[in-house]
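Please treat every number below as a calculation from the coordinates, not as lab data. Keep in mind it's a predicted model, so treat the numbers as computed, not measured. Reconstructed Cβ throughout: ideal geometry from the backbone, glycine too, with neighbour counts over all protein chains shown.
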Amino acid sequence: MATHSTFLNPQLNRYLVDHFSTEDDLQRDVLTRAGNADIPAISIAPEQTACLQLLLRAIGAVNVLEIGSLAGYSALTIARSLPAFGRLTCLEINPRYADFVRKVAAEAGLDSIISVVTGSALQALANLPDGEAPLDAVFIDADKQNYRKYFELVYPRIRKGGLIVGDNALAWGNVADRNTQYEPENVNALHDFNVLLATHPGILATLIPLGDGMVVGLKTE
Ligand code: DHB
Ligand code: MG
């Protein structure tokens, strides 16, 4: 009787990737080219792709915001789960990365869905005009110490039944260690964000331990 989790080992994780990844040749190529372009190899893991897509499809997502796009690997994942009239707005602070994402989106034939806003996400979010279409989902994968601020700025814009997803919810394996020596400011910020979602009265949350973990909150009111 399983009353506790079956912990993943490398073989089981390989099994997940083999059977539950939607990563394709273009995404593999994007990672190679990102490496050649000195873009850090910190994209989401392939085992997160199908999960993200399933969540977005399950809520019928059309209008999605991504905060922190890096090389566009997760943007491709998200955009492919949206209908042809869907919108994915990517906020990326690094202009070189932002251009890379635009190029990748065009190559994937997704440039009518993906638009990239270069610059500080805090500034972009503060300047969002009122009356914009409500967001179905927000994926946060940017600077960890601002997750809470991003949440506060986007929460009023998310529709009831919408999702907020934060990457790196396991904080590189350190999230449960309150005395961590590894990037304590980032680890503690990720922990605080997990607790924020877990205890928020308007959110039903869980932590999905795929990749470095995704904390997922469903806006319930
Ligand atoms: C790292 C990984 C991530 O997914 C991220 O968003 C930021 C940093 C890392 O491994 O350092
Ligand atoms: Mg991440």
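Looking at residue 181 and the list (1) touching a residue at least 12 places away in the same chain (Cβ under 8 Å); (2) within 16 Å of ligand 1 (Cβ to nearest atom); (3) farther than 19 Å from residue 42 by Cα; (4) part of a loop (DSSP other than H, G, I, E, B), which single condition is not satisfied?
If we test residue 181 against (1) touching a residue at least 12 places away in the same chain (Cβ under 8 Å); (2) within 16 Å of ligand 1 (Cβ to nearest atom); (3) farther than 19 Å from residue 42 by Cα; (4) part of a loop (DSSP other than H, G, I, E, B), just (1) comes out false.
Using beta carbons and a limit of 6 Å, which pairs, at least six apart or on different chains, have the first residue in region 51-77 and within 11 Å of residue 136 (Cβ to Cβ) and in contact (Cβ under 8 Å) with a residue 24 or more places away in the chain and the second one within 14 Å of ligand 2 (Cβ to nearest atom) and in a helix (DSSP H, G or I)?
64/78
In this structure, does residue 42 turn out to be β-branched (Val, Ile, Thr), within 14 Å of ligand 1 (Cβ to nearest atom) and either out of contact with any Ser or Thr (no Cβ under 8 Å at 6 or more places or on another chain) or more than 20 Å from residue 117 (Cα to Cα) (or both)?
Working: β-branched (Val, Ile, Thr): yes; within 14 Å of ligand 1 (Cβ to nearest atom): yes; either out of contact with any Ser or Thr (no Cβ under 8 Å at 6 or more places or on another chain) or more than 20 Å from residue 117 (Cα to Cα) (or both): yes.
So residue 42 passes the test.
Are there helices (runs of 4 or more DSSP H) fully within region 1-83 with at least 3 residues that are touching a Leu at 6+ places or on another chain (Cβ under 6 Å)? List them. Even if it seems obvious, please write down each step before you answer.
Working: elements: 10-19, 25-36, 46-58, 73-79.
Answer list for region 1-83: 46-58, 73-79.
Cβ contacts < 6 Å: first residue closer than 19 Å to residue 207 by Cα and touching a residue at least 12 places away in the same chain (Cβ under 8 Å), restricted to region 133-144; second residue assigned to a strand (DSSP E or B) and within 16 Å of ligand 2 (Cβ to nearest atom), any location; separation 6+ or different chain. Result?
Within 6 Å, the pairs are 138/65; 138/164; 139/66; 139/165; 140/67; 140/166; 141/167; 142/67.
Within region 163-178, can you find the residues that are crowded, with 20+ Cβ neighbours inside 10 Å, more than 16 Å from ligand 1 (Cβ to nearest atom) and over 14 Å from the mean Cα position of the chain (by Cα)?
Going through region 163-178, the residues crowded, with 20+ Cβ neighbours inside 10 Å turn out to be 163-171, 175.
Filter again for more than 16 Å from ligand 1 (Cβ to nearest atom), leaving 163.
Result: no residue meets the conditions.
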